[in-house]
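Working notes, structure below.
The values are calculated or read from the model by the stated rules, or taken from the named source; none is laboratory data. Here the structure is a predicted model, which means the values were calculated and not measured. We place every Cβ from the backbone using ideal geometry, glycine too, and count neighbours over all the protein chains shown.
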Amino acid sequence: MRFIVIAISLCIVIFAHAGCGGVPQAGAPAAPSPSVAPTAPTGAEQITGVPAGDAGKGGPAACPRLDPILYALATASDPAAFAAAANIPYEQGRALVFVTFGAPVDFDQYGATVTAQTDQLAQALVPPNELCRLANDPNVAAVRPPDMAAPAR
């Protein structure tokens with residue numbers, strides 16, 4: 001269910017920024033037709049722009065332990081708007097994430113503030129531009145968004 005809500009929210013944001021664009025203006029040249037028929041993007045490409053081969057691994061090869069939606073947040077031109085559309089808690093320029101680790105992590109070096117922690121899991125507010133670097137920390141097993149309930153419609 002969370003996947004559907006995120007996908008719909010992101011589509012709304014994308015279409016809002018792109019405009020309707022389906023009707024050519026009078027006198028405008030016709031768009032060239034492609035020589036190869038485009039293929040429909042997979043679910044991972046629709047949400048994150050991540051190639052389908054990377055969908056199950058988190059972000060692209062640069063940060064494989066980072067959840068794909070967080071990779072999209074980290075690379076978004078407007079992280080605050082992206083976080084709002086994706087229902088990711090975001091405050092003061094930082095996203096709320098869950099970090100699974102096997103050994104202690106120095107969260108300060110990533111500009112992160114830990115809000116809760118157990119032996120192998122931390123809830124932290126992390127700047128989007130530090131998410132990939134955090135996920136690549138040798139002690140980190142995974143960085144993912146918190147499980148959030150979808151708002152009632």
Exercise. Is there a residue in the range 87-95 that is touching a residue at least 60 places away in the same chain (Cβ under 8 Å) and under 15 Å from V126 (Cβ atoms)?
Worked result: yes
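To keep it simple, each residue is scored yes or no on (1) part of a loop (DSSP other than H, G, I, E, B); (2) out of contact with any strand residue (DSSP E or B) (no Cβ under 8 Å at 6 or more places or on another chain); (3) at pLDDT 95 or above; (4) surrounded by fewer than 16 Cβ atoms within 10 Å (Cβ to Cβ).
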{"position": "F82", "(1), (2), (3), (4)": "no, yes, yes, no"}
{"position": "A95", "(1), (2), (3), (4)": "no, no, yes, no"}
{"position": "V105", "(1), (2), (3), (4)": "yes, no, yes, no"}
{"position": "D108", "(1), (2), (3), (4)": "no, yes, yes, yes"}
{"position": "T115", "(1), (2), (3), (4)": "no, no, yes, yes"}
{"position": "A122", "(1), (2), (3), (4)": "no, no, yes, no"}
{"position": "N129", "(1), (2), (3), (4)": "no, yes, yes, yes"}
{"position": "R133", "(1), (2), (3), (4)": "no, yes, yes, no"}
Exercise. Would it be correct to say that A142 is closer than 18 Å to L66 by Cα and not in a loop (DSSP other than H, G, I, E, B)?
Worked result: yes
Exercise. Only one of these conditions is not met by V140: (1) of a type in the set (V, I, T); (2) free of Cβ contacts under 8 Å to residues at least 24 places away in the same chain; (3) within 21 Å of P60 (Cβ to Cβ). Which number is it?
Worked result: (2)
For this session: Inspect all residues belonging to the range 41-59 and state whether any of them is at pLDDT below 95, more than 15 Å from the chain's Cα centre (by Cα) and over 23 Å from D147 (Cα atoms).
Result: yes
For this session: Go through the range 101-121 and give me each residue that's within 16 Å of N136 (Cβ to Cβ) and touching a helix residue (DSSP H, G or I) at 6+ places or on another chain (Cβ under 9 Å).
Result: V105, F107, Q109, Y110, G111, A112
Exercise. Within the range 84-93, can you find the residues that are farther than 14 Å from I69 by Cα and buried (at least 19 other Cβ atoms within 10 Å of the Cβ)?
Worked result: none
Exercise. With respect to the numbered conditions (1) over 22 Å from A61 (Cα atoms); (2) without any contact (Cβ under 8 Å) to a residue 12 or more places away in the chain, which one is the sole condition not fulfilled by S77?
Worked result: (1)
